[in-house]
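**Student:** After the structure tokens below, expect a handful of questions from me.
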Amino acid sequence: MPFPIHRPRRLRRTEALRSLVRETALSARSLIYPLFVCPGQGVKDAIGPMPGHYRWSTDLLVEECKSARDLGIPAVILFGIPESKDEVGSGAYDPDGIVQRAVRAIKREMPDLAVICDVCLDEYTSHGHCGVVKNGDVDNDATLELLAKTALTLAQAGADVVAPSDMMDGRVARIRRELDAHGFAQIPILAYAAKYASAFYGPFRAAADSAPRFGDRRSYQMDPANQREALREIALDIEEGADIIMVKPALPYLDIITLARQRFDVPLAAYQVSGEFALIEAAAQNGWVDRQRIIVESLMAIRRAGADMILTYFAKDVARWLGC
Ligand code: PBG
């Protein structure tokens, strides 16, 4: 028998053949576009470490949502930069808060665009932590009450999905109970289930001015060294009623995505966070990497690892390149 019998290169010979055997698809339809909303009118304020991204006032945010929707992106996730911050993050659960107003404005014009709202206090607290601080640490159970109020006001404003990113214990169950008690049993919870205490959030914290003023987030976000713990966290969130689970960041945590995909059968999201975005943009601006190819390859890797949907600051670029 002539050697070699098996020649994997046969199926790589032409693009048509490669397309037939391609195992993973990437399209705009599985992307979620993160956006920052700030007070004012006509504001489009550039975010230094996130080139091409802005803090938008609501009027311009609505236009940006339209352009994303027109490119085939089915969903956005909103983060708020409030007028002022306080110890207990009141802006997060103000029925007339920055994100609550933005949701109303977007849904009025685009009922078909899914609006996901991040539920967390860090953008709204003067100390920058994701909850109420007592004796130098975030008080879990006191924070749950505020997260529940936040989720409810967002659902009342018209949010399609609420996405708690705080990593407090028991928050999915507490939010579910609050939503159900007020007639929002149909609103799903996308839980940031395995969220690591990561240096990759740096540019986001600059954008939202949400870096902790003292200490860090390691008493609530996960230790990057841990894999099995992520599976326990995800299992808890599913037990508590999470409809979609998320792993965050994405590319440095592909092992977690793959394990979550194998272990659980709920829809799985991954967040390609601001630091992942910034690394690629910085290298591309220096001409050190091929921007388009490296973005598509990174997102393909996250899909291949097992993510059904990806939150990415590249959503519009990818939609332009690949379509739906
Ligand atoms: C918390 C939150 C953060 C991000 C999303 N939600 C910041 C943090 O935990 O410090 C980071 C997202 C990114 O880096 O792109 N509200």
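The values are calculated or read from the model by the stated rules, or taken from the named source; none is laboratory data. Quantities reported herein were computed from a predicted structural model and do not represent experimental measurements. Every residue, glycine among them, receives a Cβ derived from its backbone with ideal geometry; neighbour counts consider all protein chains shown.
**Student:** Tell me, which residue of segment 255-276 that is among the acidic types (Asp, Glu) and surrounded by fewer than 16 Cβ atoms within 10 Å (Cβ to Cβ) is nearest to the ligand (Cβ to nearest atom)?
**Tutor:** Step by step, filter segment 255-276, then rank; the result is 255.
**Student:** Determine whether segment 302-312 contains at least one residue that is among the acidic types (Asp, Glu) and closer than 25 Å to residue 161 by Cα.
**Tutor:** Checked against the condition, which is being among the acidic types (Asp, Glu) and closer than 25 Å to residue 161 by Cα, segment 302-312 yields at least one hit.
**Student:** Can you spot a residue in segment 4-24 that is among the charged types (D, E, K, R) and touching a residue at least 24 places away in the same chain (Cβ under 8 Å)?
**Tutor:** Yes, that holds for at least one residue.
**Student:** Return the pair list, or none, for Cβ contacts closer than 6 Å from residues in segment 304-320 that are more than 16 Å from residue 67 (Cβ to Cβ) to residues that are of a type in the set (Gly, Ala, Ser) and within 15 Å of the ligand (Cβ to nearest atom), at least 6 apart or on different chains.
**Tutor:** Once the first residue is more than 16 Å from residue 67 (Cβ to Cβ) and sits in segment 304-320, its partners that are of a type in the set (Gly, Ala, Ser) and within 15 Å of the ligand (Cβ to nearest atom) give 307/270; 309/269; 310/270.
**Student:** Which residue, of 225, 181, 230, is touching a strand residue (DSSP E or B) at 6+ places or on another chain (Cβ under 9 Å), more than 28 Å from residue 37 (Cα to Cα) and modelled with pLDDT of 95 or more?
**Tutor:** Among 225, 181, 230, only 230 is touching a strand residue (DSSP E or B) at 6+ places or on another chain (Cβ under 9 Å), more than 28 Å from residue 37 (Cα to Cα) and modelled with pLDDT of 95 or more.
**Student:** Quick test of your reading of the structure: residue 206 fulfils all but one of (1) more than 12 Å from the ligand (Cβ to nearest atom); (2) under 20 Å from residue 313 (Cβ atoms); (3) of a type outside the set (Val, Ile, Thr). Name the failing condition by number.
**Tutor:** (1)
**Student:** What pairs come up if the first residue lies in segment 39-50 and is free of Cβ contacts under 8 Å to residues at least 60 places away in the same chain and at positive phi, the second is of a type outside the set (A, V, I, L, M) and surrounded by fewer than 15 Cβ atoms within 10 Å (Cβ to Cβ), and their beta carbons are under 8 Å apart, counting only those six or more places apart or on different chains?
**Tutor:** Pairs found: 42/59.
**Student:** Restricting to segment 249-278, what's the tally of residues that are assigned to a loop (DSSP other than H, G, I, E, B), of a type in the set (A, V, I, L, M) and under 14 Å from the mean Cα position of the chain (by Cα)?
**Tutor:** Final tally of qualifying residues: 2.
**Student:** Output the qualifying pairs, or none if there are none: Cβ atoms under 6 angstrom, residues six or more apart or on different chains, first residue in segment 208-223 and under 29 Å from residue 57 (Cβ atoms) and in contact (Cβ under 8 Å) with a residue 12 or more places away in the chain, second residue among the β-branched types (Val, Ile, Thr) and assigned to a loop (DSSP other than H, G, I, E, B).
**Tutor:** Pairs found: 208/81.
**Student:** Being crowded, with 16+ Cβ neighbours inside 10 Å, in a loop (DSSP other than H, G, I, E, B) and among the small types (Gly, Ala, Ser) is the filter here; which residues of segment 219-242 pass it?
**Tutor:** Result: 241, 242.
**Student:** Which number in (1) part of a loop (DSSP other than H, G, I, E, B); (2) on the phi < 0 side of the Ramachandran plot marks the one condition that residue 321 misses?
**Tutor:** Residue 321 satisfies all of (1) part of a loop (DSSP other than H, G, I, E, B); (2) on the phi < 0 side of the Ramachandran plot except (1).
**Student:** So, one more: When segment 1-30 is examined, which residues are found to be small (Gly, Ala, Ser), in a helix (DSSP H, G or I) and either in contact with a Cys (Cβ under 6 Å, 6 or more places away or on another chain) or at pLDDT below 95 (or both)?
**Tutor:** Result: 28, single match.
**Student:** Let me ask another. Return the only residue of 231, 251, 236, 279 being within 13 Å of the ligand (Cβ to nearest atom) and more than 18 Å from residue 26 (Cβ to Cβ).
**Tutor:** 279
**Student:** Another question, then. Which is touching a Ser or Thr at 6+ places or on another chain (Cβ under 9 Å), within 16 Å of the ligand (Cβ to nearest atom) and small (Gly, Ala, Ser), of 219, 198, 126, 165?
**Tutor:** Matching residue, one of 219, 198, 126, 165: 126.
**Student:** Which residues, taken from segment 49-62, are in contact with a Pro (Cβ under 8 Å, 6 or more places away or on another chain) and closer than 18 Å to residue 281 by Cα?
**Tutor:** Scanning segment 49-62 gives 49, 50.
**Student:** If you take just the strands (runs of 3 or more DSSP E) that sit entirely in segment 31-77, which of them hold at least 1 residues that are within 16 Å of the ligand (Cβ to nearest atom) and basic (Lys, Arg)?
**Tutor:** Qualifying strands (runs of 3 or more DSSP E): 54-57.
**Student:** Right, another one. Go through (1) touching an Asp or Glu at 6+ places or on another chain (Cβ under 8 Å); (2) surrounded by 18 or more Cβ atoms within 10 Å (Cβ to Cβ) and name the single condition residue 66 misses.
**Tutor:** Result: residue 66 fails condition (2) only.
**Student:** Report every pair of residues separated by at least 6 positions or lying on different chains whose Cβ atoms are under 9 Å apart, first residue within segment 273-294 and within 22 Å of residue 253 (Cβ to Cβ), second modelled with pLDDT under 95 and not charged (D, E, K, R).
**Tutor:** 274/206; 274/207
**Student:** Condition first: assigned to a strand (DSSP E or B) and among the basic types (Lys, Arg). Can you find one or more residues in segment 287-300 that meet it?
**Tutor:** no
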